[in-house]
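Note sheet for the following structure.
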């Protein structure tokens, strides 16, 4: 009986040791590192080999130490129970470790996709980094290994010196108040490029309120910062230009007002010196006629004829003034025919020959442009006739691209353009009318070498003829349209 019990004890020890070795090998496969469990499994295998030798000797009739094998059985059972009890714990630990590795890989993948750098650093002036995501490569030009522990450079040194103190003060103020901080500042990359960055972070505190570390996110906002700067410059420029436009508009309106006042004054002078004088003379002749018709019929008849002629001259002068204010030909036929009729009338009345050359294909312009162009030419030619003492005046109208070019030239006495009195509105009205049309006027004159008035006016390139509903064209209408 004792021999059989001895064999059973040895066999059970052998089975427990083989089972413990098998479980140890399985644990070694999932453990990191697993060499400890391999040693345990190897020990169990060696013990199992020993028990196998003892069992074989017993089978051949040799007897062994009963108490020693009993102790070996208890040790084998304890090893088997130990590995069986620890295996679920190790399996759970392995599953948790696998989950954490998967989460770490997923977090790293997300961090790599972020257009910036995630960090954890100490709360010191150098911002010593303890963790930096791979986004720092594109953002700063440095690798995580360069920044962690200030191995190559501290992040505080990446910030340009002009912004460094302000950034540190803002972070310290936020940490002291236990609130997040948001900053915009400049950094200098490893390649020497200056970038604007936006940073948001916060302090992490222990149970006693002491700062453990700072964590946050930094991204490149250079493009948006440049857009913001350009927008600010554009707004400042726009405000300045608007102020200048308002100022110029006021000056131009003032000049236009003076020009119209001058025109009204000129019309008043023309009426006084023309129609009124002729009508007054006619009235005087009619009064003389009334006194002479009884005593001197022949003299009275002459006075009546003279009064009638003076009234006819007054009516003709009034019609000429009306024609000058708004020529009928300008409304009915257009700019070129109206200018031709104006020049013929002046040639008859002044004996000054006017040479007119039209190098355009323009038939009509919008009424405001047409009227002002007519007035510019009228004023320039009239000044030449009155003041130049030139027997000839040369007028040219040309179209150069999208511009209408007016040139009025004489070969007269000339004058000093800078010394023209301010009360002489002729040249001023030419310049103001040109500016009203979006163009400019240049007046060149020298004593003894004549005068050239050159006016350039932009025309709308999108031309169209009048529509059936009576709307007017937006620009010049070609003759062949």
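A short reminder: the numbers here are calculations on the coordinates, not readings from a lab. No experiment lies behind these values; they were computed from the predicted model shown. So basically every Cβ, Gly included, is an ideal-geometry build from the backbone, and we count neighbours across all protein chains shown.
How do 238, 346 rank when sorted from fewest to most other Cβ atoms within 10 Å of their own Cβ?
On the way: 238 11, 346 18.
Fewest-to-most ranking of 238, 346: 238, 346.
Could you estimate the translational diffusion coefficient of region 188-235 from the Stokes-Einstein equation, with Rh from the Kirkwood formula over C-alpha pairs, at 4 °C and 1.567 mPa s, in whole µm²/s? Let's see the in-between values first.
Numbers: Rh = 13.5 Å.
Answer from the Stokes-Einstein relation: 96 µm²/s.
An ellipsoid equivalent to region 115-220, defined through the eigenvalues of its Cα gyration tensor, has semi-axes of 22, 15, 12 Å when rounded to whole angstrom and sorted largest first.
Counting neighbouring Cβ atoms within 10 Å and putting the fewest first, the residues 195, 348, 178 line up as 348, 178, 195.
Figure the gain on full extension for residue 240 and residue 333 (residue separation times 0.36 nm, minus the Cα-Cα span) and round it to one decimal in nm.
29.0 nm
Order of 220, 416 from fewest to most other C-beta atoms within 10 Å? Write down the numbers at each step before the final one.
Values: 220 20, 416 9.
Least crowded to most crowded, the residues run 416, 220.
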